[in-house]
Amino acid sequence: MIVTAPDAFLAELAKLPPVPVARATASAAFMVAPAAAELAAESARDNRYMRMDGPFDPLRALAQHAALAAALRVDCPVIVFPGDTATPDAMFPNNVFGTAPGKSIIGRMRHRVRQRESERADIRAFFRDVLGRTEIDLSRREDCVAELTGSLIIDHARGIGYCGLSERCDMAGARAMHEAFGLRLTLCFDLAESEYHTNVVMTCLAGRAAILAADGFRDPAVPRAIARAFDDRVVWLTPEQKRAYAGNAITLSPNRVWISARAATALTGAQRNALAEWGFAIGAVPLDEIEKAGGSLRCCVGEIF
C-alpha cells in the first residue's frame, strides 16, 4: 500500500503483520569508481549541494573512494566497477542500480548525463548473468522519474519505504519503485523545495533507528510520523549538520553506521551517545573531495540484497 498522509501511514503501520525473518542490512555492496575530471554541470541544476565554484581533484576523489571501499569491507564484501569519463555522477550508483532478493532494478534518471549510466552493459550483466537476478528496467519508461535509493529510503527489516518527491522522483516513479522493491507499505511525501534526494535528509539504521533532518521535509508532520515508526529512536539533525552530510549515512551491518569524516565531526556528543545506546558504532571516512559533487558516503554505496 502507498499512502501520502502521515496519519494514514501510522494507521497502516499499526495494522502490518509481523514480517517474516528478513535481512535488515545488505549481504554485499557495490561501488563505481570516479573517473571524470570535472563535475556534472547538468546535475547542478537541481542538486544544491554541489560545489561548482572551486577546483575538483579527480585523483584525490579516486583515492578517497578506494579508501572508502577498503573500509566498508570490514562489514561486507564490496565490488568496485570501473568508472567512465562520460558519466561524472557514476560514483553515486545507488540512484541508478538497486537490488531486492532475486531482482536487480534499474532506475529512471531525470538528467541525460545520468541516464547514460543506466545503459552500462557490464553492470547489468553482473546482476543478471553472474548473480542470476531478474532485471526490472525502469530506465526505458517515459512516464516517470525514479532515482531509486536516492529518493527512496527502505526499511528492509519491515518492508517499508519512505519516498521523497522532488524533481528526481514523482508519484509514478514512487509507485514503480514500491512494486519493484516488493515493499509492503510506502509513505510518499514532498521534500522541502531546496532538497533533491531523500537520502541527504534521512537514514534508516538497520531498521532500529533513524537519522532525520526535519527541515528537509515540506510538511513537518512527516518526520514526526517517521520518528514514531522508529519508536522515537531518532538522531535529529540541525540544518548545518544536514549540509555536512550527517544524514547521508548507511548501515552495512547491524552494529555500525558509516558516514563521512565531515559528517562525523558535525555530530554532537549526545548524538554519538544515542547511537551507541542503540548499538551502533560510527565508521567515518574522509570524502571531502567526493562531496564537492553533491553527494556523500551513502550515495557512493549500492546495496546487494
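Laid out as a table, the results:
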quantity: Longest to shortest principal axis, alpha-carbon extents of segment 1-128, angstrom; calculated: 51, 33, 27
quantity: Theoretical ellipticity at 222 nm over the chain - DSSP helices of four or more residues, -39500 (n - 2.57) apiece, nearest 500; calculated: -7000 deg cm²/dmol
quantity: Amide H partners (placed H, <5 Å) of L191, local residues excluded; calculated: L165, R218
quantity: Dimensionless Rg ratio for segment 24-87, taking C-alpha atoms and the 2.2 N^0.38 Å reference; calculated: 1.30
quantity: Eligible lysines near K292 by straight Cα distance, threshold 27 Å, same-chain separation 8 or greater; calculated: K242
quantity: Check: the chain dipole with +1 on Lys, Arg Cβ and -1 on Asp, Glu Cβ, in debye; calculated: 560
quantity: Spatial extent of segment 74-206: Rg and Dmax, with the Cα atoms as the point set, Å; calculated: 14.2, 41
quantity: Under DSSP loop assignment and at most 10 Cβ neighbours within 10 Å, longest GluC sites (Glu not before Pro)-free interval of the chain; calculated: 1-141
quantity: Unit Cα scatterers, Debye sum, segment 166-304: log10 I(q)/I(0) for q = 0.21 Å⁻¹; calculated: -1.46
quantity: Sequence-separation-based contact order of segment 9-117, relative, with Cα cut under 8 Å and 6+ spacing, percent; calculated: 33
quantity: Set of aspartates and glutamates near K15 by C-alpha distance (under 18 Å), chain-local residues within fewer than 8 positions excluded; calculated: D7, D155, D231
quantity: Percent of C-alpha pairs per 5 Å bin, segment 1-55, short to long; calculated: 4, 11, 11, 10, 10, 11, 14, 14, 11, 5, 1
quantity: Intensity falloff of the chain expressed as log10 I(q)/I(0), Debye formula with alpha-carbon point scatterers, at q = 0.09, 0.14, 0.15 Å⁻¹; calculated: -0.38, -1.01, -1.19
quantity: Equivalent ellipsoid semi-axes, segment 182-240, via Cα gyration tensor eigenvalues times 5, rooted, Å; calculated: 17, 14, 11
quantity: Debye log10 I(q)/I(0) at q = 0.12, 0.25, 0.30 Å⁻¹ for segment 142-204, Cα point scatterers; calculated: -0.23, -1.00, -1.36
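Read-outs throughout are calculated quantities, based only on the coordinates presented, and are distinct from any laboratory measurement. For clarity, every value in this text was computed on a predicted model and none was experimentally measured. Methodologically, a virtual Cβ is constructed for each residue, glycine included, from the backbone with ideal geometry; neighbour enumeration extends over all protein chains shown.
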